[in-house]
Amino acid sequence: MSVEVRPVVREITQERINAYADASGDHNPIHVDPAFARATPFGGPIAHGMLVLALIGEMMRGGFGDAWSRSGKLKVRFKAPTRPGDTVTASAALAKEAGGVAEYAVQCATQSGEVVIDGRASVTVAG
Amino acid sequence: MTFSLDEGRIAAYLVAIGDTNDYAGTVPPLAAAALGLEALQGEIALPEGSLHTGQEVEHVRTLLVGEPLTMTGRVAQRSERQGYVICVIEFEIVADSGLDRAGAAGVAIRARSTIMAPAGAAPAGAAPGGGA
């Protein structure tokens, strides 16, 4: 039973990063302190990895509902930073389906096509 | 470490990420993983400028908003490369209230996070076997 997983597109603003810092408690200055972040190799603030990864969670929840919450598995690498002003698209492509488990290649990419997160997500779809 | 994720905290998380899915009184699994990881990082005291480079999450059962939760974690690996310390943090979140709506019990979330920190700033606590 393959499921079409619809992409999620979202702009990552500094305001969203700040709101995520407050919600998560992660106020690492590389995310929320422009002066600190300018002095790092990134040259400015970057988004929390878990903020950007949340787009994949949202996408999979949208496709699979409760099945994602009770049986989902995710394994990703954070490959590049996401910066304020980037528009990120989370997408999934079915990689294989066997034994009632669907496995997807998932990624988040910026408006320039740079892949910032990639990995695999699987979910039990039957049984 | 015991904690719970109440309605207000989950609502703030969903607004921050922009997720409008209906979770129907359950905790978004990545919210549990993110908030659990943040709590553990506080205990390990990773330095400013630490970077998250990899994440694995396994959802074993749904978590209900407000459920009492217990989290256990440890630094599973620690290595140094090119001036950076790479820590692998493993943690589990268990719902203390027993069965969920589907009758499942026990561990709800298993996760494994890879964090990279500047070597000179990495704390002594970031060593294998460190517990939280």
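Among residues of the range A:41-73 being more than 7 Å from every other protein chain (Cβ to nearest Cβ), aliphatic (A, V, I, L, M) and within 25 Å of A:Arg83 (Cβ to Cβ), the one that is surrounded by the most Cβ atoms within 10 Å (Cβ to Cβ) is A:Met60.
Residues that are in a helix (DSSP H, G or I) and within 16 Å of A:Ile17 (Cα to Cα) are absent from the range A:57-65.
Got at least one residue in the range A:93-101 being under 25 Å from B:Val27 (Cβ atoms) and buried (at least 16 other Cβ atoms within 10 Å of the Cβ)? Looking through the range A:93-101, none of the residues is under 25 Å from B:Val27 (Cβ atoms) and buried (at least 16 other Cβ atoms within 10 Å of the Cβ). Scoring A:Val115 on the criteria (1) crowded, with 23+ Cβ neighbours inside 10 Å; (2) within 21 Å of B:Met116 (Cβ to Cβ); (3) in contact with a Lys or Arg (Cβ under 7 Å, 6 or more places away or on another chain) leaves a single failure, condition (1). Of the residues making up the range A:1-40, those that are part of a strand (DSSP E or B) and crowded, with 22+ Cβ neighbours inside 10 Å are A:Val8, A:Ile12. Within the range B:24-64, the set of residues being in a loop (DSSP other than H, G, I, E, B) and surrounded by fewer than 19 Cβ atoms within 10 Å (Cβ to Cβ) comprises B:Ala24, B:Gly25, B:Ala45, B:Pro47, B:Glu48, B:Gly49. Within the range B:33-79, the set of residues being over 16 Å from A:Ser69 (Cα atoms), among the hydroxyl-bearing types (Ser, Thr, Tyr) and facing another protein chain (nearest Cβ under 8 Å) comprises B:Ser50, B:Thr53.
For the range A:23-39, a residue qualifies if it is within 7 Å of another protein chain (Cβ to nearest Cβ), farther than 13 Å from B:Ser50 by Cα and without any contact (Cβ under 8 Å) to a residue 12 or more places away in the chain, and the qualifying residues are A:Ala23, A:Gly25. Would you tally the residues in the range B:16-32 being within 16 Å of A:Gly62 (Cα to Cα) and facing chain A (nearest Cβ under 7 Å)? Selection size over the range B:16-32: 8. Return only the number of the condition from (1) assigned to a loop (DSSP other than H, G, I, E, B); (2) closer than 18 Å to B:Thr114 by Cβ that B:Glu67 does not satisfy. Just one mismatch for B:Glu67, condition (2). Scanning the range A:57-69 for residues that are without any contact (Cβ under 8 Å) to a residue 24 or more places away in the chain and among the charged types (D, E, K, R) yields a total of 2.
Read-outs: derived from the displayed coordinates by stated rules, not from any lab. Values in this document were obtained by computation on a predicted structure and should not be read as measured data. Cβ sites come from the backbone with ideal geometry, for glycine too, and all protein chains shown count toward neighbours.
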